[in-house]
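The values are calculated or read from the model by the stated rules, or taken from the named source; none is laboratory data. No experiment lies behind these values; they were computed from the predicted model shown. Cβ placement follows ideal geometry from the backbone for every residue including glycine, while neighbour counts extend to all protein chains displayed. The area values use the complete protein model at the heavy-atom level, side chains included, leaving out ligands, DNA and RNA. Shrake-Rupley method; radii C 1.70, N 1.55, O 1.52, S 1.80 Å.
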Amino acid sequence: MVRPLANLVGWPARRIGGVAGQLAQANSKRNPGRTASTAAALMIGLALVTFVTVLAEGIRSSNRDAIEDQVRAEYVITAQDGYSPVVPEAGEAVGSASSAELVTNVRSDVGEAAGSGKYVTGIEPDSIAQAYRFDWEDGSDAVLATLGENGAILDDDFANDKNLVVGDTFTLVSVDNNRMELEVKGIYKPPPFYPLLGSVSVTQSTFDSLYERPRNLFTFVDVPGEPTPETTQSLVGAVGDFPDAKVWTRGEWIDWQDSEVAEFLTFLYVLLVLSVIVSLFGMVNTLVLSMYERTRELGMLRAVGMTRRQVRRMVRHESIITALIGAALGLPLGVFLAALVTQALSIYDLQLSVPLGPLVVFAILAIIVGVIAAILPARRAARLNVLEALQYE
């Protein structure tokens with residue numbers, strides 16, 4: 001494995017480095033076991049970084065697609081942190097904005113549905129379908145008008161888990177210990193990666209009768225045409241008395257979700273860089289030992305006319321070839337591991353998305369690691385005293 005890879009990644013060294021490059025390639029193949037063990041540390045580090053990058057890109061793509069599939073409205077109003085509920089008065093205030101064409105609130109809280117703890121959402125049946133897209137498994141948007149005071153729509157996972165079908169009844173108990181018998185009116189299939197509505201959705205009036213302090217999780221707002229700075233400012237002004245409320249355009253909200261993934265990814269990168277640093281020291285140690293073992297050989301090369309510059313180039317190219325062998329193994333391994341995890345999580349609609357840009361950056365990073373690792377060994381090899389090196393045993 002090492003020799004074919006050394007031939008492949010060492011081709012530029014032969015072309016650019018001349019005789020020094022050819023010697024570097026030959027040296028990398030001289031002891032395949034040592035070259036493999038040196039490249040292995042970098043391979044593992046790059047494989048982990050690649051795995052995290054590909055998996056995070058898949059999460060980001062899946063998250064974006066899930067939101068785009070569900071949300072039709074041009075604006076979303078949430079809490080400042082994007083997750084906490086806000087007082088319902090904030091959603092009502094948005095209706096006073098001159099640019100608001102459609103306003104629909106989504107209440108949210110936890111409850112015990114058919115004996116299991118689930119999220120419950122309260123929706124406005126006459127307007128929710130204009131802001132949220134239901135993927136119906138049993139029913140249609142017409143079901144919303146038939147919910148009444150004791151109707152509910154369920155997501156398919158909860159319905160299947162409890163063997164509930166349209167027409168069945170179940171008991172919902174709120175955190176305030178209010179109890180109500182509900183009838184299943186429809187079943188829909190939300191994106192499993194990021195469902196915005198709860199497992200059980202009831203009308204807003206029913207929700208308010210079950211929960212003593214109802215709060216909004218989202219307020220969806222539509223405006224005439226596309227969002228503009230003027231419409232955004234109008235909505236921001238409408239919720240000005242509610243400092244915890246934040247107005248997002250649909251695109252901004254999705255980008256913010258992406259940034260949350262990016263922040264977590266940055267944290268992981270900091271940890272994984274340590275593995276690359278460890279591999280850097282490993283390469284330095286291996287090259288230094290190699291130079292000591294080849295002291296007499298280096299002296300002979302200098303004696304027959306190799307310059308100090310050519311010696312440094314030979315060591316540097318040998319280090320880069322070793323690093324590229326690690327990259328050639330680590331990058332595909334990381335993609336393969338990410339593909340396995342993605343396949344295992346396919347029930348959540350997790351996508352496999354390979355970002356080519358970062359992978360190219362990682363390959364360049366491997367070259368940089370190789371250059372850095374070669375600095376001290378190359379300097380030591382170039383400064384050898386030729387006569388003393390020829391006498392070295």
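See the values below:
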read-out	value
Restricting region 159-181 to residues that are under 20 Å from THR146 (Cβ atoms), aliphatic (A, V, I, L, M) and in contact (Cβ under 8 Å) with a residue 40 or more places away in the chain, the residue that is least open to solvent (accessible area, probe 1.4 Å)	LEU172
Region 302-322, subset touching a residue at least 24 places away in the same chain (Cβ under 8 Å) and over 24 Å from LEU365 (Cα atoms), residue most open to solvent (accessible area, probe 1.4 Å)	ARG308
Matching residues in region 222-241 - criterion: being assigned to a loop (DSSP other than H, G, I, E, B), open to solvent by less than 50 Å² (accessible area, probe 1.4 Å) and under 16 Å from SER96 (Cα atoms)	VAL223, VAL239
Subset of region 130-144 [in a helix (DSSP H, G or I) and over 25 Å from ARG213 (Cα atoms)]	GLN130, ASP141, ALA142, VAL143
Residue match in region 267-278 (condition: open to solvent by 90 Å² or more (accessible area, probe 1.4 Å) and over 21 Å from the mean Cα position of the chain (by Cα))	yes
Residue check, PRO190 open to solvent by 50 Å² or more (accessible area, probe 1.4 Å) and either farther than 29 Å from LEU350 by Cα or outside any helix (DSSP H, G or I) (or both)	no
Qualifying residue in region 86-93 (condition: outside any loop (DSSP other than H, G, I, E, B), out of contact with any His (no Cβ under 7 Å at 6 or more places or on another chain), more than 17 Å from PHE220 (Cα to Cα) and among the aliphatic types (A, V, I, L, M))	no
Which listed residue is crowded, with 19+ Cβ neighbours inside 10 Å and within 32 Å of the chain's Cα centre (by Cα), from GLY117, GLY58	GLY58
Positions within region 242-266 being open to solvent by 40 Å² or more (accessible area, probe 1.4 Å) and acidic (Asp, Glu), in sequence order	ASP244, GLU252, ASP255, GLU260, GLU263
GLY82 vs. criteria under 30 Å from LEU333 (Cβ atoms) and at pLDDT below 90	no
